[in-house]
1. Anything in the stretch 220-233 that is surrounded by 24 or more Cβ atoms within 10 Å (Cβ to Cβ) and part of a loop (DSSP other than H, G, I, E, B)? List them, or say none.
2. Got a sec? Which of THR236, THR197 is outside any strand (DSSP E or B) and away from the ligand (no atom under 16 Å from the Cβ)?
3. I'd like to check which helices (runs of 4 or more DSSP H) are fully inside the stretch 26-133 and have at least 2 residues that are acidic (Asp, Glu) and over 30 Å from GLU332 (Cα atoms).
4. Restricting attention to the stretch 154-195, report how many residues are aliphatic (A, V, I, L, M), touching a strand residue (DSSP E or B) at 6+ places or on another chain (Cβ under 7 Å) and over 23 Å from ARG311 (Cβ atoms).
5. With surrounded by 18 or more Cβ atoms within 10 Å (Cβ to Cβ), hydrophobic (A, V, I, L, M, F, W, C) and outside the structural domain of GLY260 (by TED's automatic domain parsing) as the only criterion, which of ALA59, ALA82, ALA110 stands out?
6. Mind listing whichever residues of the stretch 411-428 are over 18 Å from ARG73 (Cβ atoms) and touching a residue at least 60 places away in the same chain (Cβ under 8 Å)?
7. Could you please find all residues in the stretch 167-184 being basic (Lys, Arg) and either more than 10 Å from the ligand (Cβ to nearest atom) or not assigned by TED's automatic domain parsing to the domain that holds ALA286 (or both)?
Amino acid sequence: MTHERDLLARAVEHAATYLDGLNGRKVRARSTYEEMLAAFNEPLQQGPREPTEVLDQLASKADPGITAMGSGRFFGFVIGGAVPGALAADLLVTAWDQNTRLLFVTPAVAAVEHVAGQWVCDLLGLPQQSTVGFVTGGCMANFTCLAAARHHVLAKAGWDVERDGLQAAPTVRVIASAERHATVDIALHYLGLGSGTVQQVETDGQSRIYLESFRRVLESGEGPTIVSLAAGNVNTGAFDPIAEAIDLAHEHGAWVHIDGAFGLWAAVSQDLRHLVEGVERADSWATDAHKWLNVPYDCGIAIVAQADAHRSAMGAKASYLIQSDADPDPFELVPEFSRRARGVPVWAAMASLGRDGVVDLVDRCCSHARRFADRFSAMDDAEVLNDVVLNQVLVRFRDDDEVTQAVIAGVLEEGTAFMTGTTWKGVAAMRVSVSNWRTTAADVDASVDAVRRVLESIGR
Ligand SMILES: *Cc1c(COP(=O)(O)O)cnc(C)c1O
């Protein structure tokens with residue numbers, strides 16, 4: 001064995017040991033950030049060190065500060081696991097070390113990503129001619145798509161925003177839900193459109209926009225307009241009335257963007273497809289591969305129906321003109337100029353799971369979410385707040401903010417499971433997001449039991 005091969009084998013050994021131990025460890029990190037700083041905080045020495053020793057030290061020192069996000073009992077935020085096929089391919093991507101920018105220079109990874117993009121559009125029922133950019137996550141997917149939107153609506157108004165900027169441009173109206181995801185606002189900040197100027201649409205008891213409010217807001221103005229809709233609210237998992245809203249928005253000449261970081265994957269399931277009916281008529285879609293497709297961090301996907309808007313917003317004009325007949329180079333579809341081939345693990349996830357495997361992953365997570373909801377509903381002191389239409393459950397204890405927060409803190413500390421909190425419609429709630437291929441019914445039961453134990457330990 002060469003030294004490098006030996007070192008890589010050792011890295012894989014450490015990785016496999018970690019993964020083998022996932023189910024047996026506390027889900028939360030056992031050490032705090034301060035303790036980890038103390039462990040690592042030392043001056044950089046002058047000379048080199050043996051990389052094997054560096055690796056061993058990293059693995060052993062970091063271990064207590066690693067949160068088992070890949071555990072089948074991690075239900076915080078919306079965090080996917082990593083299916084083995086994608087995780088293994090990601091290691092290869094690291095070894096290949098391809099700067100995925102130009103078709104000519106990195107043909108293999110560019111082709112694999114192109115096919116991955118087509119497969120994703122196929123699975124999600126989106127137009128096959130869409131252009132697809134592999135970005136770091138849903139936030140940058142929203143940014144990329146909304147940049148394409150900004151280009152398009154201003155070009156229609158006779159304005160070249162890439163050349164002339166926004167300072168003297170026609171005003172762009174942005175219409176979005178009052179309960180849109182925070183990253184839509186981040187994207188609007190980056191784009192110079194601002195979030196305080198968003199025309200907000202009121203939401204119903206499940207966090208979906210009211211169609212009538214949407215119509216009123218649409219009709220209240222004119223000019224270049226961008227609409228952002230949600231496929232999967234981050235708290236409830238609920239969907240805006242997508243088909244009707246898209247058609248209304250298009251009647252008003254607006255660009256329609258869909259934030260579907262996890263919710264777009266409902267499209268793969270026979271039982272859930274109705275939630276995203278009509279979604280293919282939108283103009284752009286942001287989704288994540290690192291959430292429900294269970295690709296390791298990081299990978300988001302920006303999908304745009306109109307290639308020229310996508311390339312004009314992200315690419316360099318000169319090369320766009322030269323290459324107008326060819327497939328776009330990867331860099332023309334993302335904010336980055338240099339990046340890893342993060343679309344390759346996306347391909348590997350789908351190739352290893354097959355269509356049936358992706359459908360099963362989504363359906364299984366939703367059925368576990370319903371199991372959570374059923375078991376919570378059977379408890380005296382718990383109330384499920386949302387209609388569990390997807391993989392998200394909101395639960396509140398003794399109808400009391402303090403008790404609910406104490407349960408969340410107590411469950412975290414106990415370590416069997418990991419759930420996070422939120423304030424939803426003005427009250428505290430615990431969020432359960434089932435997004436990992438590893439989660440089993442036994443994980444759900446063990447987690448509900450942990451919640452019950454903690455709740456019982458909290459005096460009335
Ligand atoms: C997670 C999420 C995002 C942001 O995605 P990142 O991958 O964290 O950048 C955007 N929208 C929704 C609805 C999400 O759930």
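The values are calculated or read from the model by the stated rules, or taken from the named source; none is laboratory data. Small disclaimer: the values here were computed from a predicted structure and weren't measured. Using ideal geometry, Cβ is built from the backbone for each residue, glycine included, and neighbour counts are taken over all protein chains shown.
1. Pass one, the stretch 220-233, residues surrounded by 24 or more Cβ atoms within 10 Å (Cβ to Cβ): 226-233.
Of everything in the stretch 220-233, those that are surrounded by 24 or more Cβ atoms within 10 Å (Cβ to Cβ) and part of a loop (DSSP other than H, G, I, E, B) turn out to be GLY232, ASN233.
2. Values: THR236 fails: away from the ligand (no atom under 16 Å from the Cβ).
Among THR236, THR197, only THR197 is outside any strand (DSSP E or B) and away from the ligand (no atom under 16 Å from the Cβ).
3. Counting at least 2 such residues, we get 33-40, 51-62.
4. Within the stretch 154-195, residues that are aliphatic (A, V, I, L, M), touching a strand residue (DSSP E or B) at 6+ places or on another chain (Cβ under 7 Å) and over 23 Å from ARG311 (Cβ atoms) number 3.
5. After applying the criteria, what remains is ALA82.
6. Scanning the stretch 411-428 gives THR422, TRP424, LYS425.
7. ARG173
Condition check ((1) within 16 Å of the ligand (Cβ to nearest atom); (2) assigned to a loop (DSSP other than H, G, I, E, B)) across all residues:
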position: ASP271; (1), (2): no, yes
position: HIS274; (1), (2): no, no
position: ALA286; (1), (2): yes, no
position: HIS290; (1), (2): yes, yes
position: LEU293; (1), (2): yes, yes
position: ILE301; (1), (2): yes, no
